[in-house]
Amino acid sequence: MSELRTLAIRVIPQPGESLDSWLEALARRSWTSLSALVDALSLPMAERTHYLLVGLSTPQLQSLEKQLVLPAGLLDQAVVPADIFGHRAPHWRFCPQCLGEMQGRWPTRWWLPWSFACTKHHALLHNVCPSCCKEPREFLPRPVHLHPPEHCMRRTGRRSICGTNLTAAPLLDFDPQHPLLQAQHKLDSLSIDRHMSAESVFAAVDTPFSTLVQSLSLSDLQSMSEISQRSWERSHKEATSPTSPFGSWRIRERGRRLLTPDFLHREYTTKKKTLRGIAEEYDLSAKQVILRARELDMEIYHGNRPQPIDDDWLRQQYLLRVRTAEDIAQDVGVSANAILNRLEKLGIPRRPMGVHSRPALTAKLDESVPLDIRSAVEGTLHGWLRLRRFQICMAFPTATTAATYLGVTQSVLALQLDQLERDIGARLFHRPGRHRPQRPTNRGTMLLQHLKGSHVQELMRHSLGSTIEPMPGRDVLTSAARTVDGAHAALTTLHPDTPIRHLSIPMPLQPLLHHLLAAGEQETYAARIHTATGIPFNTVYKQLKRLEAAGWLTSRLESRAERPGSARRRTYYSLTAAAHRASARLPLGDSRDSEENDRATGRSHRHNSGNGS
C-alpha cells in the first residue's frame, strides 16, 4: 500500500487564519488555481467558498495536515462548527487595512455572524465589494494565482472577475470608545474551534451581544455615518434573525428564562392577555409560548374567554326581554351553545329555533302608536327598516334616485315597499311612468305624517340603532331632481295646430333654448352656438336634432350661392312658430338674462373644456 504523498511547497497557516484563506495562499505559492489545489489534496469540490470552512470532516482535516506536514490538530482553529450556521450560508466581511497588512490573508472570525467591527483600526467591517456591490467570497475563486491576493475575485463573466482592490475601500471608522467596539473586543476574545457545540458557542456569545443590544442608544447610531449604520444593521439582522440558528437559540433561551409558571399566570390568567399577544409583546414565537402553556397544564382558550354569567340576569334577558341566545352570547363574550347549555342547567325551556323566536317578531307596540305603523312592525322582521326606506323614498322624485341614495338596486327597494303595502293592507304611493315624479296616496301621506312624530322617531332609532339611514339633505334632493329632469327626460313635442297642455324641458336643453330665444327670428348654426354658449360641438348637434324632431326647430342647408367654393355648407336653424308660442310658458327667465347666462356658460365651458370639436 502506497504512503500518503505530501506537497513539496508548504505555507504555514497564520494564527486564527481561515482555512479557505490558507488554501488560497498555498495555491498562489504553488502557482496554480484554487480548484486545482483542492482537487490535488483530494478535497471535495464545492461551488460555495464556505464549504471549506464548515463542510470538511475530521478524517479529511487529518489527511490534509499529513499532506502538508502540519502538527496534528492545527487546522481545528481554521474551521468552525457547521451547526452555528445551520442551513444558512455564512457571509464574509473584511477590514480593508487588515487585509492589506496581512497581504490578503484573513482570520476565521470574519466569517462569524457576530463579527461586525475591527478592534485594531476602530472601524466596521465591509459586507460587500465597493465596486461590484457583491460579496467577494460567496463563490469559490478559481484562478487566484493570476490576480493579487487583496483583490475581489467575484466572477462577472465566464472568464472575467471584478478585480477591485479591496484594500482601497473606505475605512468605516468611528469612536474607539463606541459600544460596538467594546462588545467586539469581548466577542473576539472567545475561542471557537470545530469541536465545540453550537449551544456552548451561542451561550458564550449571547452575554456580550445582549449587553450590546440593550446598551446601544439612538445617539450612538446617529454618530456613525450612513454607510456604517447600514453595515451594522445588516450584520445585526443576520445574527439575530429568527430563522438563523443563533437568533432562534436566543429566542428559545429567552423564552425558557421568561416563561415561568408565575409569569404566565400573571400575564395570561390574571391580566387576560392572549398567548399570541404575549409572544408579540416579548418578541417570542407564538408556538413556543403555546407549548410552554401546555407543559404547565394551563387551560388554553380558543377565542373569547368565558365570562361569569348571573343566573337572574340570564332569566330576565331570555324570558322577559325575549332575547335570543345569539344576542346574549355576543354581550357576554361566549358562544351561543354556552348560553343554551346554561339555560338547560337552570331548567329554562328553550324557545323554538328559527326566526319566530326573535324579539322583533314577538314584541308588541303600545296602542298609542298609529295602527299602520303597528301593522308594519308587529309580527314581522325589518318592519322599521321598511318604514324608514318608505319615508326616504317619498322624499325623492323617483324610486331610481332613492335607490341610488340608499345604495340598493331599484328591484330590492320595490320588493321592500311592496311588502310594506301588504303588511299595512293599503296602497301607499302612485307608481308613475318613466322619468315622472312619484307621489304618495292619501294613506301614504297620513303614514308620512305619523312617521314624523317624536315618539315614533324615538322607537325607530331605538330599533335600528346605528344602522338607521339618514334622511337626504336639500343638496341631495336638488341633485336628484336634476337627474330626473336630465338628458333622458321627456321633451314636449310641439304641433302647429295643437294647444300646449303640459310643457317639459330637460335641464341640459335649457342653455341652448336660452341662446335661440335671444336670437329671436335670426337663423343660427352649430359653430355660432358653440362659440356663444361653450357647449361642446357633439352635444350641440345632438340637442339641435332632438329639438328639430320634437317640432321646436326648422333647418335648412346653406345654398352654393351663399357659400361659394368648395367649403362645407352650414346648416341653419330657427325656432318654429309653435316654439315661439311656447316660449311664453318656458321657465327660462327674461331673454336679456338669457344672453348673460349664455356668455357665463360659454366662459365656464371654455375654461373647463377648452375648444372642443
(Q) In the chain, if the dipole is taken from +1 on Lys/Arg beta carbons and -1 on Asp/Glu beta carbons about the Cα centre, which of 143, 129, 391 is farthest to the positive end? (A) 391
Q | Around residue 369: net Lys/Arg minus Asp/Glu count, Cβ-Cβ under 13 Å | A | -3
Q | Restricting the range 518-553 to GluC sites (Glu not before Pro) in coil, as DSSP defines it, with at most 12 other Cβ within 10 Å | A | 521
Q. How much length is gained if the chain between residue 46 and residue 254 is pulled fully straight, taking 0.36 nm per residue apart and subtracting their Cα-Cα distance, in nm to one decimal?
A. 71.2 nm
Q: Specify the angular offset, from 0 to 90 degrees and rounded to the nearest 10, of the alpha carbon long axis of helix 442-451 from the longest principal axis of the alpha carbons in the chain.
A: 40
Q. Rounded to the nearest whole Å³, what is the per residue volume of the convex hull around the Cα atoms of the range 19-222?
A. 130
Q | Fewest-first sequence of 193, 372, 366 by Cβ atoms within 10 Å of each Cβ | A | 366, 193, 372
**Q.** Protection proxy ranking of 444-455, 14-25, 570-581 - average other beta-carbon atoms within 10 Å, highest first
**A.** 14-25, 570-581, 444-455
Q. Magnitude of the Cβ-charge dipole of the chain, K/R +1 and D/E -1, about the Cα centre, nearest 20 debye?
A. 2280
Q.
For the chain, take the longest principal axis of its alpha carbons; what is the angle in degrees between that and the long axis of helix 410-424, to the nearest 10 within 0 to 90?
A. 60
Q.
Can you compute the helix-only [θ] at 222 nm over the chain? Use -39500 (n - 2.57) per DSSP H run of at least 4 residues, normalise by all residues, nearest 500 deg cm²/dmol.
A. -13000 deg cm²/dmol
Q.
If each residue of separation counts as 0.36 nm, what is the full-extension length gain between residue 300 and residue 220 once their alpha-carbon separation is subtracted?
A. 24.5 nm
Q. Mind ordering 461-470, 177-186, 56-65 by average Cβ neighbours within 10 Å, highest first?
A. 177-186, 56-65, 461-470
Q) What is the ratio of the Cα radius of gyration of the chain to 2.2 N^0.38 Å, where N is its residue count, to two decimals? A) 1.77
Q.
Compute the orientation-averaged projected area for the range 371-481 from the convex hull of its Cα atoms and round it to one decimal in nm².
A. 6.8
Q.
I want the local charge near residue 468. Using Cβ-Cβ distances under 10 Å, sum +1 for each Lys or Arg and -1 for each Asp or Glu among the other residues.
A. +1
(Q) Placing +1 on the Cβ of each Lys and Arg and -1 on the Cβ of each Asp and Glu in the chain, which of 117, 161, 80 has its Cα farthest towards the positive end of the resulting dipole? (A) 161
Q. Lysines near residue 272 by alpha-carbon distance under 25 Å, same-chain residues fewer than 8 away left out - which ones?
A. 287
Q | Two-site FRET efficiency, residue 545 against residue 431, from Cβ-Cβ distance with R₀ of 30 Å, rounded to 0.05 | A | 0.40
Q: Check cross-link reach from residue 66 to the aspartates and glutamates: straight Cα distance under 15 Å, and skip same-chain residues fewer than eight apart.
A: 3, 76
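None of the figures in this text is laboratory data; all of them are computed from the coordinates on show. Since the model is a prediction, treat every value here as computed from it, not as a measurement. FYI the Cβ positions are ideal-geometry reconstructions off the backbone, even for glycines, and counts take in every protein chain you see.
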